[in-house]
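For reference, the structure is listed below as structure tokens.
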Amino acid sequence: MNIIASRNTEFPANIPDFSIEKTHWNRLRDFLFLNEENKPLKPDIPYLTKAEVLEMSKDMMEIRWHGRGGQGAKTAALLLGEAVISAGKYVQAFPEYGPERMGAPVASYDRISEKPISVHSPVLNPDVVLVLDETLMDSVNVAKGLSEDTGVLIINSPYKKEDIKARITWKGKKLFTLDASKIAEKNIGRAIPNTPMMGALIGATNLMPLDALIEDTKHKLEKKFRNKPEVIEGNLKAIRAAYEEVKQ
């Protein structure tokens, strides 16, 4: 758990009785140094006020990427993070470490805020979840911790939205589906859906201007694929195509 302190203001003792949105209560525990009974372990620490903590929580967007080894979930999280930094925001981008063999389930995360980010705990209640491989829904609870009221779920799948809804217990309204693998195959020549899913994310959330994402991603890809301009152009076309499909 993380400790946040700024002023000599006491955090009220009746923490469990706060009337706040459920989504933000779980995130609140990331900011406070609490035991399992939600009581301060160090009551002498000058915690932020309830209003200050909630304001920080609501200003931050947390994103979780689900994929399989080799699909580029980690790369997508890092590319997105770098693009958002270039847009002037604060970012954390990190993978969930584990057996990184080809095809194994993997997860990566982004935290994005207009203000410096002081929390360094796992992302338990993401605002957005992206699923790069729809077969993961058979073995992984991809929507775990995602609010049905405000959460955004984006799934790479050749199936229609209605078919996906029948396969998951999450009943939120902000569900987006697109065949990002097909978009990647058409534009890049390989069915690696990570860059198209970045475009889908921007289309679904308006996190940043599309052109800003494309421009920053272009600079990053030019360093890696300097002698393969077709790869660079293909990835940029895939980002734009996915963005436009989600916007339809």
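The values are calculated or read from the model by the stated rules, or taken from the named source; none is laboratory data. Keep in mind that this is a model prediction, so the values were computed, not measured. Counting neighbours? That spans all protein chains shown, and the Cβs are built from the backbone with ideal geometry, glycine included.
Tell me which residues, restricted to region 218-248, are of a type in the set (A, V, I, L, M) and touching a helix residue (DSSP H, G or I) at 6+ places or on another chain (Cβ under 6 Å).
Result: 221, 232, 236, 238, 239, 241, 242, 246.
Out of (1) modelled with pLDDT under 65; (2) assigned to a strand (DSSP E or B), what's the single condition that is false for residue 45?
Result: residue 45 fails condition (2) only.
Could you check residue 97 against (1) at pLDDT below 90; (2) under 21 Å from residue 205 (Cβ atoms); (3) not hydrophobic (A, V, I, L, M, F, W, C) and say which number it fails?
Going through the list (1) at pLDDT below 90; (2) under 21 Å from residue 205 (Cβ atoms); (3) not hydrophobic (A, V, I, L, M, F, W, C), residue 97 breaks only (2).
Among the residues in region 175-185, are any touching a helix residue (DSSP H, G or I) at 6+ places or on another chain (Cβ under 6 Å) and over 19 Å from residue 159 (Cβ atoms)?
Among the residues of region 175-185, not one is touching a helix residue (DSSP H, G or I) at 6+ places or on another chain (Cβ under 6 Å) and over 19 Å from residue 159 (Cβ atoms), which makes the answer no.
Looking at region 230-248, which of its residues are under 20 Å from residue 160 (Cβ atoms) and either free of Cβ contacts under 8 Å to residues at least 60 places away in the same chain or within 19 Å of the chain's Cα centre (by Cα) (or both)?
241, 242, 243, 244, 246, 247, 248
Among the residues of region 146-167, write down those that are outside any strand (DSSP E or B) and touching a strand residue (DSSP E or B) at 6+ places or on another chain (Cβ under 8 Å).
146, 151, 157, 159, 160, 161, 164, 165
Residue check: is residue 122 under 13 Å from the mean Cα position of the chain (by Cα), within 26 Å of residue 173 (Cα to Cα) and at pLDDT below 90?
Criteria met by residue 122.
Let's see how each residue does on (1) touching a helix residue (DSSP H, G or I) at 6+ places or on another chain (Cβ under 6 Å); (2) outside the structural domain of residue 170 (by TED's automatic domain parsing); (3) among the acidic types (Asp, Glu); (4) within 24 Å of residue 165 (Cα to Cα):
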{"position": "72", "(1), (2), (3), (4)": "yes, no, no, no"}
{"position": "80", "(1), (2), (3), (4)": "yes, no, no, no"}
{"position": "84", "(1), (2), (3), (4)": "no, no, no, no"}
{"position": "110", "(1), (2), (3), (4)": "yes, no, yes, no"}
{"position": "127", "(1), (2), (3), (4)": "no, no, yes, yes"}
{"position": "134", "(1), (2), (3), (4)": "no, no, yes, yes"}
{"position": "141", "(1), (2), (3), (4)": "no, no, no, yes"}
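Select from region 151-171 the residues that are in contact with a Leu (Cβ under 6 Å, 6 or more places away or on another chain) and of a type in the set (A, V, I, L, M, F, W, C) and write down the one among them that is surrounded by the most Cβ atoms within 10 Å (Cβ to Cβ).
154
Being of a type outside the set (D, E, K, R) and closer than 18 Å to residue 85 by Cβ is the filter here, so list the residues in region 207-232 that pass it.
Matches in region 207-232: 207, 208, 209, 210, 212, 213, 214, 217, 219, 221.
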